[in-house]
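The values are calculated or read from the model by the stated rules, or taken from the named source; none is laboratory data. Because the structure is a prediction, the values reported are computed rather than measured. Every residue, glycine as well, gets a Cβ built from its backbone with ideal geometry; the counts of neighbours run over all protein chains shown.
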Amino acid sequence: MKNLLRLYAALTKTERYVLLVAGLCFTLSGFFLSLGAFYKYTVLAPASGGVYTEGIVGQPTAINPILSPANEVDRALLEILFADLLELSEAYKIGEGNKVWTITLKENLKWSDGKPLTSDDVVFTIEAIQNPDSRSTLQSAWQGVTAQRLSEREVRFVLKTPYAYFLESLKTLKIAPKHIFGGIPTSNLRLSNYNLEPIGSGPYKFESFEKKRDGFISSYHFRPNQYFSGAAPYIREFYIRFFPDINDAVIAFNKRSVDGLGGLDPVSLENLIIRYELSAINLPRYYAVFFNQSVSVPLKEKPVREALELSVNKNFLIEKIFGGRAIVINGPIVPGVTGYHPEIYDENTFSPEKASKLLEDAGWKLNERGIREKKTNKETARLEFDLVVPEIRFLIETANQIKESWAAIGVSATLIVMNPTDVANDVIRNRNYQMILFGNILNNTPDVLSFWHSAERFYPGLNLSLYDNKTIDTVLESIRREFDQEKRDKALAQLQSQIKNDVPAVFLFSPKYLYAAPKNFGGLNEQFITTPANRFDKVNEWYLKTSRVFR
């Protein structure tokens, strides 16, 4: 070291300056080379930590897999707190003519309270769902299925008939804890405090909730479930805040009282004033105007139904009402669902000129009021229809646009706007409508028997067009039974082609699910989810922090 100091002292001022600059350049180049190598051989990966709060409109009522109500809030919380059967399983096998499914659970499964989770819980859940006293919305889906305990980890499902989409049923089945609910009479399940303070098996466990004096539950607090059988969640503190309406939720988002907010429509989206990242996620659902031909003579004529479809500009509706955040739907299967055949459908069916010509050729002439009419058997029939519309903002906007489109070809539509509950309980239950603007959810499979089979024409069936085609009945039944993918695909093509030809409805659009979150938020499945609640399917993969790790 002394020799180096003597050498440095012997240098001239200029030589010392050159040496210092060279040393600095060498140090900097080494630093940047090391930094470049670090970035070259590492990637950003989610890291543990952070607190996240999501805002939800509505109230929880029963966070219970057995009851599984239609309440979207309860379904969302179920996804956070309960694992589905396939998540809890390490293997499954199919046998005996595709009617017997054997599930093997993972070893050492536990509930969030540390108690063992076994096949007894699975059998208990199925039997409770099937019990009429539970009034479970899943009851019809599990009719004809017998659950048998084979061992602590094995359970057998025996079906009366083969069902090609039974695996999807297992994916969506949440298991309830027998040690919590087993001693309660099934008819009293809704009275249990555990419906709001659940013991679950999902990535998060219930910690606490806050309730106002008027009974409104304002928030839920979750922490990672140490007994979860999957990967531990990245986010360490998870909150859900509840709001009575979307306007209050938007205000909270703008104040940063909540981090994430879903279920946004174009109007509420415009009211977000802080910076955010928006995810637009496809859902296997669609909206359509369903025709009830049994109560309308004109609707029995195919040219009338074809004209009604041709006069609706679906692309215009999507742009005007959803700002482009929806996809065009032309048939009973949604794009993105296995079995959809795009070649069956025209890209753009909008043609008011062709619609008018169809009506003219079918004898429907414009009268002095600009409404088409036709004389049959000494009576005059007019193209005047009542259209029932649930009182939901985007559906009312859609109905008004359709009304204008139909008026342009000489068809009069009177909108009957009703509370959604009244629509479900009165109008749909009694099939008391000429036309109805409504939506169908496909549950991520092309099994649409409940929407189009003739046996489903009347309540509680979901065949809103009262569609009756015996050939299609057979096709729908074969789709459910057929395990050969190629044969099933052929049947699905036949189904879509025939329904397109029969025009039992004007298929419209599938709105995307809009979710706003901070820019540092990641891990949300942005491709395709079955229902809005399924945004939480992989909530354990959500993250707020990142760190660099070697590739």
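Pick from ASN225, ASN195: which is of a type in the set (S, T, N, Q) and either in contact with a strand residue (DSSP E or B) (Cβ under 6 Å, 6 or more places away or on another chain) or closer than 14 Å to GLU54 by Cβ (or both)?
After ruling out the rest, the residue left standing is ASN225.
From the list LYS110, LYS93, exactly one residue is surrounded by fewer than 18 Cβ atoms within 10 Å (Cβ to Cβ) and touching a Ser or Thr at 6+ places or on another chain (Cβ under 6 Å). Which is it?
Result of the check over LYS110, LYS93: LYS93.
Of all the strands (runs of 3 or more DSSP E) wholly in the range 211-278, which have at least 1 residues that are among the hydroxyl-bearing types (Ser, Thr, Tyr) and surrounded by fewer than 16 Cβ atoms within 10 Å (Cβ to Cβ)?
The qualifying strands (runs of 3 or more DSSP E) are 217-224.
Which of the residues spanning the range 162-197 are of a type in the set (A, V, I, L, M) and more than 22 Å from ASP133 (Cα to Cα)?
ALA164, LEU167, LEU170
If you take the residues in the range 495-551 that are among the β-branched types (Val, Ile, Thr) and in a strand (DSSP E or B), which one is farthest from GLU79 (Cα to Cα)?
Among those that are among the β-branched types (Val, Ile, Thr) and in a strand (DSSP E or B), it is VAL506.
Can you say whether LEU272 is within 30 Å of THR445 (Cβ to Cβ), in contact with a helix residue (DSSP H, G or I) (Cβ under 9 Å, 6 or more places away or on another chain), touching a residue at least 40 places away in the same chain (Cβ under 8 Å) and not assigned by TED's automatic domain parsing to the domain that holds GLU456, as far as the supplied structure shows?
Judged against the criteria, LEU272 is not a match.
Filtering the range 426-464 down to residues that are more than 23 Å from the chain's Cα centre (by Cα) and either among the polar types (S, T, N, Q) or not assigned by TED's automatic domain parsing to the domain that holds SER497 (or both), which residue is farthest from VAL328 (Cα to Cα)?
Here the residue is ASN430.
Restricted to the range 279-300, and to residues that are outside any strand (DSSP E or B) and in contact with a Leu (Cβ under 7 Å, 6 or more places away or on another chain), which residue is nearest to ILE409 (Cα to Cα)?
So, considering only residues that are outside any strand (DSSP E or B) and in contact with a Leu (Cβ under 7 Å, 6 or more places away or on another chain), the one nearest to ILE409 (Cα to Cα) is PRO298.
Taking the range 463-500, which residues are modelled with pLDDT under 95 and of a type in the set (A, V, I, L, M, F, W, C)?
Scanning the range 463-500 gives a single hit, PHE483.
Would you please name the residue that is surrounded by the fewest Cβ atoms within 10 Å (Cβ to Cβ), looking only at residues in the range 166-191 that are in contact with a helix residue (DSSP H, G or I) (Cβ under 7 Å, 6 or more places away or on another chain) and either among the hydroxyl-bearing types (Ser, Thr, Tyr) or assigned to a helix (DSSP H, G or I) (or both)?
Within the range 166-191, the match that is surrounded by the fewest Cβ atoms within 10 Å (Cβ to Cβ) is SER187.
So ALA326 fits all but one of (1) under 22 Å from the mean Cα position of the chain (by Cα); (2) surrounded by 16 or more Cβ atoms within 10 Å (Cβ to Cβ); (3) over 27 Å from ASP447 (Cα atoms); what number is the exception?
(3)
Determine which member of the set LYS205, LYS212 is out of contact with any Cys (no Cβ under 7 Å at 6 or more places or on another chain), of a type in the set (Lys, Arg) and farther than 30 Å from SER89 by Cα.
After applying the criteria, what remains is LYS212.
Inspect all residues belonging to the range 142-159 and state whether any of them is in contact (Cβ under 8 Å) with a residue 24 or more places away in the chain, under 28 Å from the mean Cα position of the chain (by Cα) and in a loop (DSSP other than H, G, I, E, B).
Taking every residue of the range 142-159 in turn, none turns out to be in contact (Cβ under 8 Å) with a residue 24 or more places away in the chain, under 28 Å from the mean Cα position of the chain (by Cα) and in a loop (DSSP other than H, G, I, E, B).
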